[in-house]
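Below is one structure, written out as structure tokens, with a few remarks after it.
What follows is calculated from the coordinates using simple rules that are stated; it is not laboratory data. What you see is a predicted model; the values in this text were computed from it and never measured. Note: ideal-geometry Cβ built from the backbone for every residue, glycine included; neighbour counts use all protein chains shown.
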């Protein structure tokens, strides 16, 4: 089972200025994301049912939403690093 990202660690280092380090606890947003996700899931299920009853051929909004949730969960462990001259940025999603 995939778990959504819990922490975002951002580091910006510059030779001209002082280094900047930001640690964001994303797990504090999980209850809000859960409530919005359930509301969106119910809405897409209702939309798929209505479109099915009306005879539309393609009605896969629920699948799209579930795949989006999976893509969000797969961002855990992502590391982004780049250096541009005097500035270096490192972002880690844990």
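Between residue 17 and residue 36, what length comes free when the chain is fully extended (0.36 nm per residue of separation minus the Cα-Cα distance, one decimal in nm)? Don't skip to the answer; put the middle values down first.
Numbers: separation 19, 0.36 × 19 = 6.84 nm, distance 3.93 nm.
Full extension of this stretch gives 2.9 nm more.
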- [ ] With springs connecting C-alpha atoms under 10 Å apart, model the chain as a Gaussian network and identify which of 77, 37, 55 has the largest mean-square fluctuation.
- [x] 55
Open item on the list: If I take every Cα pair under 8 Å that is 6 or more residues apart in the chain, average their sequence separation and divide by the length, what percent do I get for the relative contact order?
Closed with: 42
Open item on the list: Given a 10 angstrom Cα cut-off, can you work out which residue in 53, 42, 79 is the most mobile in a GNM of the chain?
Closed with: 53
Open item on the list: From the helices alone, meaning DSSP H stretches of at least four residues, give me the mean residue ellipticity at 222 nm for the chain, per-run term -39500 (n - 2.57), in deg cm²/dmol to the nearest 500.
Closed with: -14000 deg cm²/dmol
Task: Alpha carbon Rg of the chain, scaled by the compact-globule rule 2.2 N^0.38 Å - done: 1.56
TODO: Give the angle, between 0 and 90 degrees and rounded to the nearest 10, that separates the Cα long axis of helix 30-54 from the longest principal axis of the Cα atoms of the chain.
DONE: 30
TODO: Based on the mean of other Cβ atoms within 10 Å per residue, sort peptides 28-34, 6-12 so the most packed one is first.
DONE: 6-12, 28-34
Task: In degrees, nearest ten, helix 61-73 long axis to first principal axis of the chain (Cα) - done: 20
